[in-house]
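The values are calculated or read from the model by the stated rules, or taken from the named source; none is laboratory data. Since the model is a prediction, treat every value here as computed from it, not as a measurement. Note that each Cβ is placed from the backbone with ideal geometry, even for glycine, and that neighbours are counted across all protein chains shown.
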Amino acid sequence: MKKVIVFAGSNSRESINKQLATYASGLLENTTIDILDLNDYSLPVFSVDLEKEQGIPENAIKFLDKIKSSNGVIISLAEHNGAYSAVFKNLFDWMSRAEQKTFMNKPMLLMAASPGGRGGASVLAIAKDRFPRHDANIIADFSLPSFEANFSKGKLINEDLNEELKIKVEQFKNAL
């Protein structure tokens, strides 16, 4: 059975991106799903000096091991001021120091949700440019705008967006 790790690029306990990623993973059949929470992978703020003094933190290695042991990755990025959240950027920085090919060519469904009308378009553009340089195999991407109007009780309620997401999840599943 295929194994997929799922996480949000957020440390919010009520993360709309975690809700979206969890929903998308629930559309996969015959797949083992491992939903990760960045709060379980606390890390010091990245610095070259700290790396020289203490090495790569254990939680960065543990997260990389989750990627390594999976067949694919579903990630939904939070957008803070048009870019990655600080917690995700910090994790990404540490992981990339341990393994330049951070995403190990695993098939990826890349998503973002936001309360606004752009649906995390800026952070998606950044990730679509940056992630392939770290060996991301982005199979499909999905943007969910106006989260509260389009998502309720754990699912997408906008039928057009839901159908679009189902197509993207199917593309991702076929790449596993």
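ALA127 falls short of the stated requirement of being of a type in the set (A, V, I, L, M), surrounded by 15 or more Cβ atoms within 10 Å (Cβ to Cβ), within 13 Å of the chain's Cα centre (by Cα) and part of a strand (DSSP E or B). Summed over the range 1-23, residues that are buried (at least 18 other Cβ atoms within 10 Å of the Cβ) and in a strand (DSSP E or B) total 6.
The condition (being in contact with a helix residue (DSSP H, G or I) (Cβ under 8 Å, 6 or more places away or on another chain) and closer than 30 Å to ASN30 by Cα) is satisfied by just one residue among LEU124, LEU144: LEU144. Where residues in the range 67-82 are β-branched (Val, Ile, Thr) and out of contact with any helix residue (DSSP H, G or I) (no Cβ under 6 Å at 6 or more places or on another chain), which of them is farthest from LEU109 (Cα to Cα)? In this case the residue turns out to be ILE67.
Look at (1) surrounded by fewer than 22 Cβ atoms within 10 Å (Cβ to Cβ); (2) of a type outside the set (Ser, Thr, Tyr); (3) touching a residue at least 12 places away in the same chain (Cβ under 8 Å) and you find that ASN81 fails only one, number (3). Would you confirm, using the coordinates I've provided, whether ALA140 is part of a strand (DSSP E or B), more than 16 Å from GLY9 (Cβ to Cβ), at pLDDT 95 or above and among the aliphatic types (A, V, I, L, M)? When the stated conditions are applied, ALA140 passes them.
Cβ separations smaller than 6 Å between residues 6+ apart or across chains give the following pairs from the range 159-176 residues that are within 16 Å of LEU144 (Cβ to Cβ) to residues that are outside any helix (DSSP H, G or I) and among the aromatic types (Phe, Trp, Tyr): LEU165/PHE142; LYS168/PHE142. The set of residues in the range 105-117 that are surrounded by fewer than 16 Cβ atoms within 10 Å (Cβ to Cβ) and either over 23 Å from ASP65 (Cα atoms) or among the basic types (Lys, Arg) (or both) comprises PRO115, GLY116, GLY117. Taken across the range 18-38, residues that are of a type in the set (Ser, Thr, Tyr) and under 21 Å from LYS101 (Cα atoms) do not occur at all. Taking residues in the range 105-119 that are over 28 Å from LYS2 (Cβ atoms), and partners anywhere that are buried (at least 22 other Cβ atoms within 10 Å of the Cβ), the pairs with Cβ atoms closer than 6 Å and at least 6 places apart or on different chains are SER114/GLU79; SER114/GLY120. Where residues in the range 132-159 are in contact with a Leu (Cβ under 9 Å, 6 or more places away or on another chain) and under 18 Å from GLN171 (Cα atoms), which of them is surrounded by the most Cβ atoms within 10 Å (Cβ to Cβ)? My answer is LEU144.
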